[in-house]
Amino acid sequence: MSEWRAEQPALDGLAPRKRRKRAPSARVPAPDLPIAQVVLDVQATHLGQTFDYMVDESQSDDAVPGAMVRVRFGGQRVNGVIWNRNSNSGVPKSALRYLERVLTPGSLVGEEMRRDIALIADAYGGTRANIIRVAVPARVARVDRERQTPSVGYAIQGMSHYDLPELRRTYDAGAGRLRREYGEATNLLNALEGRGSASFVMDMLPGACVWARDLATIAAGALNAGKAAVLALPGIRETRDVARALQVMGLKPFDAGRPVHGAYRGDFIVLSAALPPVERYRAYVAAASGAVRCVIGTRAAAYAPVTGPALFAIVEDAAYQNADGMMPYANARGVMRLRAKAHQGVFVAMANARSAISQWEACGPDHRHSGVDAPAHKDKRSGGEQQHRALGRCRVQTAVSGPSREIRPLSAVVKDMAPWVRWLNREELTRLADPTIGSRVPHSAVRALGEALERGPVLLSIPREGVGEALSCARCKRQARCFKCMGPLMRGRDGTPRCRWCGAAAANWHCPQCSGERMRVVHVGAAGTAAELQGLFRGVPMVVSSPSQPGGLVEQIPCRSMLVVATPGAEPRVRLEDGADGQTGADGEYSAVAILDAWTSLYALGVDARVDALNAWMKAVSLCAPRARGGQAFLIGESDPALAQSLVLWDSTLLAAREIDEREQTGLPPVLSCACVWGRRDAVTGLLGHLGMTPGGARAVIGSANGEKDGDLPAVLGPVPICPPKTMDAREFEATRDRVKAIVRVDPVQREWLARNLRDEVARHVAAREPGELRFQLDPKDLL
């Protein structure tokens with residue numbers, strides 16, 4: 001058995017079958033354009049170019065640009081998208097392989113979509129394969145078979161802008177309302193009907209789902225003008241609100257899971273990553289075919305395959321949900337802004353709290369409110385007349401940003417639709433002679449909320465779970481404060497009470513109100529708040545809506561007396577009841593809204609922390625009844641004056657202008673373009689050295705508009721150590737132990753250079769198989 005001719009014994013009839021080697025079939029190249037340039041589904045940065053493959057004569061009709069194919073690459077089969085067809089190739093013919101299979105019938109990624117993908121990849125320093133991964137859903141063969149089988153009767157029937165007189169009628173009514181409520185609405189409506197690229201920044205009106213009604217009117221205007229409409233929303237709840245508003249306008253939803261007589265009908269599509277794979281792919285195919293011209297959804301809708309001039313609208317452009325979770329971490333706002341310019345369409349950014357980038361685009365640094373250029377700026381640090389730091393960088397046109405026109409609601413309309421908002425800070429409570437100054441819910445608020453409960457539900461908005469905790473007197477419930485600076489006390493790691501502001505230990509503390517010497521911990525959370533309020537409002541029904549609570553998120557409540565405790569984004573909708581059958585009807589409203597623990601906004605991390613806090617507060621207050629019907633809103637606790645005044649006056653431009661002022665002094669985006677670079681320390685340091693941004697390098701400091709260097713602004717912040725990712729394996733922990741992050745800053749005119757060079761450096765790092773992690777993200781929401 002040790003001889004080389006030995007064979008494995010086998011029973012009769014069970015001998016292994018000998019497979020005959022098939023002779024390779026002769027393939028004939030296509031007579032016209034035999035070379036297919038394919039973008040492979042390979043995410044490595046250094047493999048982001050196209051690869052040439054031969055097209056067989058039998059595949060020539062199906063292998064059109066934009067079709068999905070399967071090819072051999074590196075000893076394995078991978079999918080790809082045909083980017084182009086050529087007559088020749090720079091690779092020798094003997095080294096070219098044939099396409100193994102054409103997977104999709106016809107083009108899946110159209111010509112304009114391929115152009116948009118290339119522009120997005122260049123703008124954010126990624127590859128086309130990176131963008132295809134997030135833009136094109138996974139292929140479902142069943143849907144492709146439906147398209148190829150006539151007996152199934154697969155058809156997509158959408159709307160035409162000249163076939164729906166009901167839509168034109170409702171749009172005319174909605175357009176008239178927009179003109180009466182917004183100062184510059186006529187410019188937006190004219191841009192929807194005209195040609196050319198335009199950009200607008202729009203502030204929302206208060207009121208339950210009023211913003212959804214206005215957005216639906218704008219989308220209807222685009223459809224009436226023969227344009228497509230793409231609406232990106234922060235969450236699935238907002239998507240449902242807009243879907244209901246579109247149905248009121250006369251549009252029917254496209255149900256990708258329920259065909260009617262073998263056909264899929266609808267006027268607008270919901271495109272979201274949360275959809276089942278079959279429905280998402282079918283919805284994508286319906287949009288790519290051009291039959292359905294209106295697409296709404298979450299971040300995935302920003303990549304909707306629309307053609308021609310289109311409306312690209314995004315709601316809450318500063319929301320953290322807008323950033324992709326995969327390389328190159330493109331932001332939905334920048335993606336839609338870029339696509340609007342490429343399609344010669346209209347871009348609209350809607351929000352309750354205007355983001356810093358929207359303020360920068362709409363007003364610029366030197367004419368924020370008046371619209372008149374200011375030649376000089378008083379520098380408070382030096383006390384002299386100096387040129388403004390950002391002068392010359394005013395509203396610089398980049399790939400993902402540019403000048404915009406602002407659309408603000410009329411002050412008289414805001415006054416009629418907004419509730420009476422009061423800021424109950426220490427100064428106001430002192431003026432009211434409130435005896436419970438320092439308590440979490442002062443007596444003035446308890447009395448007003450008790451009266452509001454007689455008219456309907458009351459909403460109490462609290463910070464997100466786990467935001468923090470506070471200390472209060474165990475006897476009178478007054479908030480415990482430091483005797484030195486009057487800052488709130490917190491429990492340190494060693495259990496010692498310390499001041500949040502000055503850090504001093506609270507030794508021998510006693511309550512100035514009742515002389516109590518014991519403190520208790522007040523947890524800022526839904527469960528702790530509900531238990532605390534049960535003692536203040538005895539016998540009142542209570543609903544807790546929070547993703548971290550056992551009951552989860554409550555979608556809606558009836559319009560009756562009850563207390564609702566909710567975290568931001570989890571506020572239940574109030575539904576009115578039609579008759580005794582219990583059918584829900586129009587949107588109701590809260591009789592009062594209270595924002596608790598406003599002091600947490602003073603300690604929130606992140607560059608956009610104040611904008612995020614104001615947006616969450618305005619979303620909650622917008623659910624309240626207007627002051628004409630007795631609606632009241634309370635902001636309870638200390639906060640930034642600009643933040644509080646923006647809420648009280650319902651004017652987010654106050655905070656946005658303050659943000660721009662501070663970011664000009666510190667050199668933060670959008671005044672400068674930034675990128676986060678993180679990974680192993682030696683890899684990050686090497687990348688910065690190759691870019692010339694290390695100390696003494698050619699780009700170590702940021703140059704001003706006239707080419708002079710401003711030594712006060714270094715190009716790099718950091719690097720600083722960061723924690724390993726939560727998904728890190730124990731075997732990889734040693735390799736990522738020295739993990740750091742650095743912030744790279746350049747002038748906005750150099751953003752394209754930064755994106756290109758960061759991509760090239762990461763590609764070189766990966767191709768050379770250098771050890772350690774190395775990643776980057778342009779325009780990050782959080783720099784820290």
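The values are calculated or read from the model by the stated rules, or taken from the named source; none is laboratory data. Computed from a predicted structure; not experimentally measured. Please note: Cβ atoms are built from the backbone with ideal geometry, for glycine as well, and neighbour counts cover all protein chains shown. For the accessible areas, the whole protein counts, side chains as well, though only heavy atoms, and no ligand, DNA or RNA atoms are used. Shrake-Rupley method; radii C 1.70, N 1.55, O 1.52, S 1.80 Å.
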Practice item. Go through segment 56-96 and count every residue that is open to solvent by 30 Å² or more (accessible area, probe 1.4 Å), over 19 Å from Glu111 (Cβ atoms) and in a strand (DSSP E or B). Key: 6
**Study point:** Subset of segment 507-532 [out of contact with any Cys (no Cβ under 8 Å at 6 or more places or on another chain) and modelled with pLDDT of 80 or more]
**Key:** Ala507, Asn508, Trp509, His510, Pro512, Ser515
Review point. Under 27 Å from Glu427 (Cβ atoms), assigned to a strand (DSSP E or B), of a type in the set (A, V, I, L, M, F, W, C) and touching a Cys at 6+ places or on another chain (Cβ under 8 Å): does that describe Val593?
Key: yes
**Study point:** Tally, over segment 620-642, of residues that are over 30 Å from Arg481 (Cβ atoms) and either hydroxyl-bearing (Ser, Thr, Tyr) or open to solvent by 10 Å² or more (accessible area, probe 1.4 Å) (or both)
**Key:** 7
Practice item. Kindly indicate the residue of segment 133-149 that is closer than 15 Å to Ala67 by Cβ and charged (D, E, K, R) and also least open to solvent (accessible area, probe 1.4 Å) among those meeting that condition. Key: Asp144
Practice item. Counting only residues that are of a type in the set (Asp, Glu), give me the strands (runs of 3 or more DSSP E) lying completely in segment 191-276 with at least 1 of them. Key: 198-203
Study note, to complete from the structure: Tyr53 vs (1) loosely packed, with under 13 Cβ neighbours inside 10 Å; (2) closer than 20 Å to Thr127 by Cβ; (3) modelled with pLDDT of 90 or more: all pass except (1)
Review point. Within segment 150-189, restricting attention to residues that are surrounded by 14 or more Cβ atoms within 10 Å (Cβ to Cβ) and of a type in the set (Phe, Trp, Tyr), which residue is modelled with the lowest pLDDT?
Key: Tyr154
Review point. Restricting segment 652-677 to residues that are more than 16 Å from Lys781 (Cβ to Cβ) and hydroxyl-bearing (Ser, Thr, Tyr), which is surrounded by the most Cβ atoms within 10 Å (Cβ to Cβ)?
Key: Ser652
Review point. What residue, of Arg85, Arg128, is without any contact (Cβ under 8 Å) to a residue 60 or more places away in the chain and not polar (S, T, N, Q)?
Key: Arg85
Revision key, fill the gap. Within segment 287-299, residues surrounded by 24 or more Cβ atoms within 10 Å (Cβ to Cβ) and modelled with pLDDT under 90 come out as Val292
Point to revise | Which numbered condition Leu649 fails, given (1) open to solvent by 10 Å² or more (accessible area, probe 1.4 Å); (2) touching a Phe, Trp or Tyr at 6+ places or on another chain (Cβ under 7 Å); (3) among the hydrophobic types (A, V, I, L, M, F, W, C) | key: (2)
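I'm trying to understand the selection: among the residues of segment 739-774, which are charged (D, E, K, R) and closer than 16 Å to Val716 by Cα?
Residues satisfying the conditions are Lys741, Arg745, Asp747, Arg751.
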Practice item. Inspect all residues belonging to segment 263-276 and state whether any of them is touching a residue at least 12 places away in the same chain (Cβ under 8 Å), in contact with an Asp or Glu (Cβ under 7 Å, 6 or more places away or on another chain), surrounded by fewer than 23 Cβ atoms within 10 Å (Cβ to Cβ) and farther than 30 Å from Arg145 by Cα. Key: no
Check your understanding: Could you say whether any residue in segment 56-66 is in contact with a Phe, Trp or Tyr (Cβ under 7 Å, 6 or more places away or on another chain) and within 30 Å of Asp324 (Cα to Cα)?
Key -> yes
Practice item. Answer with yes or no whether Val248 is at pLDDT 90 or above and surrounded by 16 or more Cβ atoms within 10 Å (Cβ to Cβ). Key: no
Practice item. Among the numbered conditions (1) touching a residue at least 12 places away in the same chain (Cβ under 8 Å); (2) open to solvent by less than 40 Å² (accessible area, probe 1.4 Å); (3) touching a Pro at 6+ places or on another chain (Cβ under 6 Å); (4) over 30 Å from Arg180 (Cβ atoms), tell me where Thr436 comes up short. Key: (2)
Practice item. With the condition kept exactly as written, say whether any residue in segment 445-462 is in contact with a strand residue (DSSP E or B) (Cβ under 8 Å, 6 or more places away or on another chain), open to solvent by 10 Å² or more (accessible area, probe 1.4 Å), among the β-branched types (Val, Ile, Thr) and in a loop (DSSP other than H, G, I, E, B). Key: no
Revision key, fill the gap. Given (1) within 26 Å of Leu576 (Cα to Cα); (2) surrounded by fewer than 22 Cβ atoms within 10 Å (Cβ to Cβ); (3) not aromatic (Phe, Trp, Tyr), Ala212 misses just (2)
Study note, to complete from the structure: Of the residues in segment 325-351, those that are touching a Lys or Arg at 6+ places or on another chain (Cβ under 7 Å) and buried (at least 24 other Cβ atoms within 10 Å of the Cβ) number 4
Point to revise | Residue selected from segment 600-625 under the condition over 16 Å from Val458 (Cβ atoms), of a type outside the set (Phe, Trp, Tyr) and touching a Gly at 6+ places or on another chain (Cβ under 8 Å), by the criterion modelled with the lowest pLDDT | key: Thr600
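Matching residues to (1) without any contact (Cβ under 8 Å) to a residue 60 or more places away in the chain; (2) farther than 17 Å from Leu758 by Cβ:
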residue	(1), (2)
Pro626	no, yes
Asp640	yes, yes
Ala656	no, yes
Glu664	no, yes
Gly679	no, no
Leu691	no, no
Ala715	yes, no
**Study point:** Sole residue being modelled with pLDDT of 90 or more and either out of contact with any strand residue (DSSP E or B) (no Cβ under 9 Å at 6 or more places or on another chain) or within 19 Å of Asp779 (Cα to Cα) (or both), chosen from Ala698, Ala683, Ala642
**Key:** Ala642
Exercise for review: Please find, among Thr727, Thr736, the residue that is open to solvent by 40 Å² or more (accessible area, probe 1.4 Å) and modelled with pLDDT under 70.
Suggested key: Thr727
Study note, to complete from the structure: Reported set for segment 227-245 where residues are within 20 Å of Ala286 (Cβ to Cβ) and open to solvent by less than 20 Å² (accessible area, probe 1.4 Å) is Lys227, Ala228, Ala229, Val230, Leu231, Ala232, Leu233, Thr239, Val242, Ala243
**Study point:** Which listed residue, of Ala310, Ala304, is open to solvent by less than 10 Å² (accessible area, probe 1.4 Å), of a type outside the set (S, T, N, Q) and within 18 Å of Ile132 (Cα to Cα)
**Key:** Ala304
Practice item. Test Val134 against the criterion of being in a loop (DSSP other than H, G, I, E, B) and either under 21 Å from Asp62 (Cα atoms) or touching a helix residue (DSSP H, G or I) at 6+ places or on another chain (Cβ under 9 Å) (or both), and give yes or no. Key: no
